[in-house]
Every structure is written in C-alpha cells, then in structure tokens.
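First, the structure itself, so that you have it in front of you.
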Amino acid sequence: MFGFPGVRTLLVAAVILLLFLLTPSYVHGTGSQNKRVLVLHSYHSGYSWTDDIQRAVIEVLGRADDIELHVEYLDFARNPHQGYDELLLELLKNKYVPGQVSPDVVLISDDRALEFSLEYRSQLFPNVPIVFCGINDFTRDRIEGHTQITGVNESKSITETLDLALRMNPATERIAVVGGARTTERYNYQSFLAVESQYSAEYEILHLNELEEETLVEELGRLGEETVVLYFSYMNSPSGTAYHYRDALRLVTENTDSMVFVTSDFQVCDGAVGGKVVHGYAQGEKAARVTLDILEGADPDTIPIVMESPNKYRFDERMLERFNIPDDVVPDRAEIVNKCPERLLRQAAAGTEGTFFSGDLFDQHGAVMLLIDAQSGYIVAANEAAYEYYGYSYLRAKNIATINVLSQEQVEHEMQAAVREQRNYFSFRHELADGMVRDVSVYSYPVTIDDTELLFSVVFDVTDQRAAEEANRRQAVVIITTLTVFLFTALTAAVALFALMRKKNKAEEALQSQLRISNSLLNELHHRTKNSIQVIDGFIELQAAENRDPQVQREYAALRRRIATIAMAHQRLDPSKTLSYVNLRDYLHAVVSGILASNDHAQHKTDVCLEIVEIDVLIDIAVPCGLIVNELLSDSLQRAVRDPSYARFSLALRLSDSTTIELVYEDDRLDGERTAGREAHDGLGVNLARELSQHQLGGRFRPERSESGGTRYVVTFSTTLYKDRIAHDSTDS
Amino acid sequence: MTALIVEDEAVSVMLFRRFLDRLGHTVVAATAKGEEVQALAEAHNPELILMDISLAGEMNGIEAATKLREISDAPVLYLTGYSADEIRTRALQVSNSFFLVKPVVETQLSAAIEALPPSMREA
C-alpha cells in the first residue's frame, strides 16, 4: 500500500537528515583543511631503524601546520604468527573508516607493511596514494596492478661492504654470511647469493643462515681472525624464536673473533665494525619529501621510484681501533660512532704535525692549554703547563668530562649562559689529580684539523679570584646586612621616637586639654565668686534701704566698701598668671577711686597723692593691702567729714628691697583724741588695718605723727609670705 | 534713659534697678532669658541694655546681644563675672557694646553710662 507519508514518518526522516547534517565529518576537504598522512611502519617503536625513519618523517612532515600525521607500528617482527594480519585488518578498518577518517597519503616503511597494505588496500584506503621506503631491492612486480604508488628502494650494499671488509682485513680467507629465518633475512641472503660468485673463487664462503642459536654460536666459535662475517640479521630463528636486534647482533659479535660487517646503520654497534649501510633516516627523509610533493598536488604515477638506495658508510671507531684498521682504509666522510681516544690521538697527531699544537710554543707555553675533540670530549693534546696543573700522569685520551665535575646538564646550562651573556669563556670546575676541585675559566676556540672539529681550550685557574669575589660578596652581604640591621634599628628607633613623641604630644595635648578645663573651671569659679559678691552687695543695699538711720547707713556703706574692695581685687586677677596675681598699683588706684567716689568727699576739697610702685602681687597680699588702704582712707575721710576743711592724703607704696614692701599712708588731719601708738583710742578701721598688717601680712604696722602734724601709718611686709596656690600642687600649699 | 536689664540673678536685677533709678534712668523691662531680649526690645525700645552673659535658657548674653542687633542699635553694657580675655573679646564683637566685671558698684555703673558716646546717651 502506497500513500502519502504520514506526519510522523516525515518527522523521523527530518530528524535523520538533521542528524546526518550535524554529524562531524572527518573526511578531508569537507570538515578540515588539514591533510592527513597515515604512516604504517612494519616494525615497532624502539627499533632503531624504524625510529630513524620516523624521526625523518617528523622532521619533514611534522613541521607543516596543515599536515596531520597518524602513525601505526604494525609490529610484524614481534608477531610472526598466523592470523595477525586479519587482526590488524579489523583494527585498521575500524580506525580508518573510508569516507570518514581517510588519509590523503599512506607512507609505508619496509616490506611487510607494503605487502599488507597492497593486499588490503581496497578495504582500508582505496585509491589513496602510497609512498614506500625501506623496500628491499624493489622491483616493479612488487606493485603490479596498483597505481598511485611510488617510493624509495632499499638495497643492501653487499659488495661495497664486503670489498671494504676485505681491504680492512687483508688476511681474510673466509667470508661467513649470517642470516635468520625472517622474510627480509631470507631475502637478504638471496641477495648475497646473487653476488657470491664474485668472492667464492678467492674466498671460502660459509653460509651460516637459518641456523638455530646453538648451532650458530658453535659455528661462530670456529671462525678465526682470517674470516670476515657479513651479518644481515638474526631476529627470527628457524624455529620461530624472536630476538631483539641488539641481542641478535651481540650473539654474533660476542661469539667470534672475526670482524663483523653489517649492512644497516642501526647495526653499527655492539661489536660490529660497520659497513656501507642502509640508512633509516635517509630512507624516511626521501619518502617524506615525496609525500610532501603529492600533498602539494604532484601525481604519484609521474614521480619516479628512487632506485638508488641512499646508503652511507658508518663505522665504530672502537672496532676500527680493536682490529688495528688503518685510517686510510676508512672512506672519507664516513660516519664514525663510538669514537675512541687512541684513534683520535693518532689522527690529531698526524693532523697537527707541523702546526702550533705540535710545536714548542704550545708545549712550553705558561698557560694551561688543551686540544679537545668537540664531538667526544677527548683531550687529544695537552701542554706541559696542563700536566703540571692537573697532575695527571696522562691527559691525552682523557675525556674532559672526567675532569669537569659539573654534570652534563650543568655543562649545557653553562654553555647556554655563556652564549646568552656573550662571553668567550666557560666557568667550570675541574678536578685535579690530588682530588682538589678548582674553579676554572675555559677559553675555547674551534679548530678544524682534517675534517675533525677540535676545541683549542686555554684554562685559567680562577679559584682564588672566585674566593676573593666570594669573600667580597660575603663582605658585601655582611655590610648590607649590617646596614640593613642598622637602618632597621634606626627606623625602629625613629618609629619608637615618633610614637613616643606622638604619645608625648598626646600627653601634652591631654595636659593642655586638662589645663584648658582647669582654666575654664577657675574662670567659672571666679565668675561665680564675683556674681556672689554682687548678690551679697545687692542684699546689703536692699537691707540698708530698709533703715534710714544715718549711722546705720554709714555702717552699711562701710561694709559695702569693704566688700567692694575685696571684689575689685577679684576683678583684677590676671588670667595670664594663673588667676592668682593682681597688679597692686592698678588695684589700689581703683580702691582709692572707689572710696572717694562713694563718700561725700566731693563736697570737700581733697588732695590725694598716690605714689605706688608697679608690682604684681598674689591676691593674698593684694586684698589685705586694699583693705588696709580702705580702712585708713575711710578713717581719714570720716574725720575729714567732721572737719570739713581742706584735706590732703597721700599713699606711697614702694619696695624697700626685692621682697619687702613699705606702704606709707599719711593725712594732714589732726586727731586730738588720738596719739599714734595708742591703740585703745583707735576705731575699727585702724584696728582692722593693724590686724591685717600684723596678722595677715606678717608685717609691721607703725602709726606716726607726720612732719605736718598729721597721722602717718607705715606698714612693712614681705611679699613672700604666701605662695601661688594654683601654681603649686596641694603638697606644697 | 530707658533700660532693659537682662540678668538671671534676681537680687542683682533689684540692685541694678536701684542703681539706675538713683542715676535717673528708667528700667522698662527685665528678663533672665536671652531668648526674650529681642521681643522685649521690640516692645519697649530701650535705650540701654544691661546684659549679663551667663543667663537662664539656651541663649547666652553674647548671643542675645548679637540677635538684638537685628532690630536695635541700643548700647549693650555687659555686667558679668567673666573677665577672661577670650570672652571679653567675643562679647565686644557686638557693635556698641561695653564691658564691666562684677561686682559692679553704683559709681562704676554711673561712670560707664557717662562714658557712653553722647549720641547714645541722648537717644
């Protein structure tokens, strides 16, 4: 039944479409601008050959920002069992799904990975260009039926290596060929067989291929120095035992006295002499460059396969030395690994012959001089000063690293520091023969002798200088520390002083505040005193108004004058002198004026003469003085009232010495009833004056008859009888 | 002259009233509070104000005199127990003001009134 699709069906379809559209695409060109390269290595990471290829791939392709590398180590050497290929296929099919995670180029190293890739190419990455390297003795039939494929051939340099081996060991009588049961190993052996006839006429050929370990070791033990061994590899025994490539190599080199020559770069170690070797890095580098061309648009079918294997000579110098192989047999520009000092020394001796380094100037120079191999660190020449300085029985062939006590990391750090600081010397620490460690400055200059890079180093002992610098630094630290402590102490003291001053200021402020309060209190007290006196005066005035008796009125008036006299002293207290002092001259003038103004003297002629010294006295002195003057003057005026003729009064007050005041009051009124000195006849006023003089002032009161016949009173008293009660504390008063 | 007495001590008011009476002046009003000065001055237009400084109420004599100046130029004669320079200086900042320290006797008051400028005395 067909009909229009339902709404539900349309919704489901829309969701599926949406999901499809939103699913991230990993297909190159649709979702990413990066180009993807899948690297398939036949072997594993850690296998020197493969590592060298990978290093080159990264060097060439890994630097490009727009290239994404996927690396798979197919690990065939360690997994020779059946069924492994199928497992790998499933794995890769799931990881690299065509149309989703699809490489733009597949780069393959070594035969097994190529065989595997070609077999399953249509399932894994159909039509994706392939670049190979490390393919042994490549022929076109290896890729028959395939397009979009190119790469780099790997061919063992069997004849070059054997030819060189025979030159290095002229006593050779036999050539032994060692190989394992691995496909590549078998293939290599086949390659030898192809050239065997070139040597079999002159040398005995021993075929030590595909032997079990025990047999192999036994055979190797029979070989002598007249045999050269051509070793391909022995990573798989016929019975299927897998060996690490270095274990396999050592199995051979350690069980024979023969020179062992190899055909792969990673095999130049562990006792092998060397050879013209296939070069992993060179293979990887060439393949990566071809890959780069394809990524940039080149058609793989038009790129020719590199048939000339990029092989290089490589030798282990320790083996060259062990077998006394002369330098002239070693090809120029051969890579030398594991340099050994003896050989270096020999080369250096030959290279420096006739130069500065072989002459007296070098040998007898006072400065410590060394000639060091830049690559290995071996000393190849040292002058007498160096021997004397270091004290070692030998310096030549000694590695500078055994003298320099700094770690490799410290040495590198120092070298970087020297570059950074633009100095032409290094600061190291060298150990002498007696165990002493000295600070040295090493001035190094590069010298090239026979293609060997050497460092001409002049060494200066700077231990004393460093010690002096250190002493100076310590002294500076001590000085700085002392200064810091001093400054800190000074600062602390300053802060403390500042705090103290602030405290003192605060105390002073508090004192001033207290003083202001005290002054306010004192002012207020005086204000109330004066107000009270005013009120008392008012009471008396009002009371006096109630009685019209003239005598009573006079007595009230006398009373009010006495009160007014006291009040005037209070009015004149000097605020600047603790409100305790009164200007006596001003005060007595006011007292006299007040008395004269309040009496009826205006109706009489009076002549008042005042001669009063300018002096400030305590109110304790001023008030009795004022009252004495009041009493005496009032007395005179009373008598003048009874004799209303011309009256003359005089008041003199002077200092007889610095602390003694003499008050002289005199009038011209004769009082027939009174004779000076007769106290019984004196009225209240004169008696008050006497008592005030003698009792309150502690002085003398002396009435006299004046020259004019009138009365004179001489009062003498000290100004020191009283103390300033406010200025002194309570214990003083 | 007509006078207004501003003084919180009743006895002092009576005393000053008697002084003024004897000196030939007329007391038109008296108050213990500075706040009432302006109103009394407006009401009685006194020609002289005897002004204590410490008063009942919130306003002191100096503040009352200052307020008075808004409506009257009548001379102000402070009669006070305060003698400190600071208070004297502040009090005398009010125009046409004079200062006597208590206790004041009649002759002093008389002399002070006599010392007023003639225009003020005749006002």
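The values are calculated or read from the model by the stated rules, or taken from the named source; none is laboratory data. Every value quoted in this text rests on a predicted model; they were computed, and no experiment measured them. So basically every Cβ, Gly included, is an ideal-geometry build from the backbone, and we count neighbours across all protein chains shown.
Only one residue in A:194, A:176 is among the hydrophobic types (A, V, I, L, M, F, W, C) and either outside any strand (DSSP E or B) or modelled with pLDDT under 95 (or both). Which one?
A:194
Continuing with the same structure: Before we move on, is residue A:260 under 60 Å from the mean Cα position of the chain (by Cα) and either modelled with pLDDT of 95 or more or not in a helix (DSSP H, G or I) (or both)?
yes
Restrict the check to the stretch A:135-156 and report whether at least one residue is touching a helix residue (DSSP H, G or I) at 6+ places or on another chain (Cβ under 8 Å), surrounded by 14 or more Cβ atoms within 10 Å (Cβ to Cβ) and over 20 Å from residue A:286 (Cα atoms).
No: zero hits.
Let me ask another. List the pairs whose first member sits in the stretch A:215-241 and is surrounded by fewer than 21 Cβ atoms within 10 Å (Cβ to Cβ), whose second member is part of a helix (DSSP H, G or I), and whose Cβ atoms are under 8 Å apart, counting only residues at least 6 apart or on separate chains?
A:217/A:251; A:237/A:213; A:241/A:213
Check whether at least one residue in the stretch A:329-337 is under 19 Å from residue A:451 (Cβ atoms), assigned to a helix (DSSP H, G or I), out of contact with any Ser or Thr (no Cβ under 8 Å at 6 or more places or on another chain) and basic (Lys, Arg), and report yes or no.
No; the residues of the stretch A:329-337 include none that is under 19 Å from residue A:451 (Cβ atoms), assigned to a helix (DSSP H, G or I), out of contact with any Ser or Thr (no Cβ under 8 Å at 6 or more places or on another chain) and basic (Lys, Arg).
Okay, moving on. Considering only the stretch A:75-99, state which residues are part of a helix (DSSP H, G or I), among the hydrophobic types (A, V, I, L, M, F, W, C) and in contact (Cβ under 8 Å) with a residue 24 or more places away in the chain.
Once the filter is applied, which keeps residues that are part of a helix (DSSP H, G or I), among the hydrophobic types (A, V, I, L, M, F, W, C) and in contact (Cβ under 8 Å) with a residue 24 or more places away in the chain, the stretch A:75-99 yields A:88, A:89, A:92.
OK, next. Checking the condition touching a strand residue (DSSP E or B) at 6+ places or on another chain (Cβ under 8 Å) and crowded, with 20+ Cβ neighbours inside 10 Å, which residue from B:61, B:57 passes?
Just one listed residue meets the conditions, B:61.
Residues in the stretch A:566-574: is at least one modelled with pLDDT under 80, more than 12 Å from chain B (Cβ to nearest Cβ) and not in a helix (DSSP H, G or I)?
The answer is no; no qualifying residue exists.
Next question, about the same structure. Give the residue, chosen from A:684, A:670, A:653, that is modelled with pLDDT of 85 or more and not acidic (Asp, Glu).
Result: A:653 is the single residue among A:684, A:670, A:653 that is modelled with pLDDT of 85 or more and not acidic (Asp, Glu).
Do we have any residue at all in the stretch A:176-199 that's out of contact with any strand residue (DSSP E or B) (no Cβ under 6 Å at 6 or more places or on another chain), surrounded by fewer than 20 Cβ atoms within 10 Å (Cβ to Cβ), under 19 Å from residue A:258 (Cα atoms) and among the basic types (Lys, Arg)?
Within the stretch A:176-199, not a single residue is out of contact with any strand residue (DSSP E or B) (no Cβ under 6 Å at 6 or more places or on another chain), surrounded by fewer than 20 Cβ atoms within 10 Å (Cβ to Cβ), under 19 Å from residue A:258 (Cα atoms) and among the basic types (Lys, Arg).
Going residue by residue through the stretch A:500-517, is there one that turns out to be within 10 Å of another protein chain (Cβ to nearest Cβ), without any contact (Cβ under 8 Å) to a residue 60 or more places away in the chain and of a type in the set (Gly, Ala, Ser)?
no
What are the residues in the stretch B:58-70 that are hydrophobic (A, V, I, L, M, F, W, C), more than 23 Å from residue A:529 (Cα to Cα) and touching a helix residue (DSSP H, G or I) at 6+ places or on another chain (Cβ under 6 Å), if any?
Selection gives B:64, B:68.
Would you tally the residues in the stretch B:1-44 being over 14 Å from residue B:110 (Cα atoms) and either at the interface with another protein chain (Cβ under 10 Å from one of its Cβ atoms) or part of a helix (DSSP H, G or I) (or both)?
Looking only at that region, the number is 19.
Still on this model: May I ask you to list the residues in the stretch A:157-201 that are acidic (Asp, Glu) and over 27 Å from residue A:287 (Cβ atoms)?
The answer is A:163, A:173, A:196.
Can you name the residue in the stretch A:143-175 that is in contact with a strand residue (DSSP E or B) (Cβ under 7 Å, 6 or more places away or on another chain) and of a type in the set (Lys, Arg) and, of all such residues, is nearest to residue A:312 (Cα to Cα)?
Filtering first and then ranking leaves A:156.
Out of all the residues in the stretch A:521-552, which are more than 9 Å from chain B (Cβ to nearest Cβ) and either of a type in the set (S, T, N, Q) or not in a helix (DSSP H, G or I) (or both)?
The answer is A:543, A:546, A:547, A:548, A:549, A:551.
What is the one condition in (1) modelled with pLDDT under 80; (2) surrounded by fewer than 17 Cβ atoms within 10 Å (Cβ to Cβ) that residue A:705 does not satisfy?
Status for residue A:705: all satisfied but (1).
Look through the stretch A:323-374, keep the residues that are acidic (Asp, Glu) and closer than 29 Å to residue A:161 by Cα, and return whichever of them is surrounded by the most Cβ atoms within 10 Å (Cβ to Cβ).
Taking the candidates together, the pick is A:373.
Might you check whether a residue that is of a type in the set (Gly, Ala, Ser), crowded, with 19+ Cβ neighbours inside 10 Å, without any contact (Cβ under 8 Å) to a residue 24 or more places away in the chain and more than 26 Å from residue A:268 (Cα to Cα) occurs anywhere in the stretch A:416-431?
Checking the stretch A:416-431: not a single residue is of a type in the set (Gly, Ala, Ser), crowded, with 19+ Cβ neighbours inside 10 Å, without any contact (Cβ under 8 Å) to a residue 24 or more places away in the chain and more than 26 Å from residue A:268 (Cα to Cα).
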